[in-house]
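The values are calculated or read from the model by the stated rules, or taken from the named source; none is laboratory data. On a predicted model such as this, the values are computed, not experimentally measured, just so you know. As a convention, Cβ positions derive from the backbone with ideal geometry for all residues, glycine included, and neighbour counts pool all protein chains shown.
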Amino acid sequence: MQSLQAARSLTEAIVGMEPTSHYWLNVSRWLSEQQFEVVLVNPHLVKKNKENRDNTPSKSDKKDALVIADMVKNGHISFIRYAPEAYDLATEQLKTVETEIFALLDLQNRCWLSKELAPFHWPRFSVRLGI
């Protein structure tokens, strides 16, 4: 990118990308660290613009790149707001709490089943349920 900028006497570059899946996150962070401005384009709009461009639903990386570049040029972009590390930590802790809650609910359900089925005391049935 920097060699292209130097060859054309450009001082700034804007990198546009489609935020599909999670792969764009690491690339966009690395580009931001390299002092490039990174923007996002809406994947739905990319698909619609691509179909309007040549009236075919065909897909290719070249075609996608041209459509994304055109959208960036025309200002159909969103700026990236990276979450702080505290947000990532809170998200991880929330996942842990959620997992523990599900484990406790599972245990509670097993205890309830064991209490409700105790009068019947069917050994084969309790073995199948793991009670």
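To keep it simple, each residue is scored yes or no on (1) at pLDDT 85 or above; (2) touching a helix residue (DSSP H, G or I) at 6+ places or on another chain (Cβ under 7 Å); (3) basic (K, R); (4) surrounded by fewer than 10 Cβ atoms within 10 Å (Cβ to Cβ).
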residue: M71; (1), (2), (3), (4): yes, yes, no, no
residue: S78; (1), (2), (3), (4): yes, no, no, no
residue: R81; (1), (2), (3), (4): no, no, yes, yes
residue: E85; (1), (2), (3), (4): no, no, no, yes
residue: A90; (1), (2), (3), (4): yes, no, no, no
residue: L94; (1), (2), (3), (4): yes, no, no, no
residue: I101; (1), (2), (3), (4): yes, no, no, no
residue: L105; (1), (2), (3), (4): yes, no, no, no
residue: C111; (1), (2), (3), (4): no, no, no, no
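Just to verify a result, which residue in segment 26-48, among those that are under 18 Å from V67 (Cα atoms) and among the β-branched types (V, I, T), is surrounded by the fewest Cβ atoms within 10 Å (Cβ to Cβ)?
V39
Restricted to segment 49-69, and to residues that are surrounded by 10 or more Cβ atoms within 10 Å (Cβ to Cβ) and charged (D, E, K, R), which residue is nearest to P19 (Cα to Cα)?
Applying the filter and picking the extreme gives D64.
Just the residues that are surrounded by 11 or more Cβ atoms within 10 Å (Cβ to Cβ) and part of a loop (DSSP other than H, G, I, E, B), please, taken from segment 11-25.
A13, E18, P19
Which residue pairs have Cβ atoms closer than 9 Å, lie 6 or more positions apart in sequence or on different chains, and pair a first residue in segment 1-25 that is over 17 Å from A65 (Cβ atoms) with a second residue that is part of a loop (DSSP other than H, G, I, E, B) and among the acidic types (D, E)?
Q5/E12
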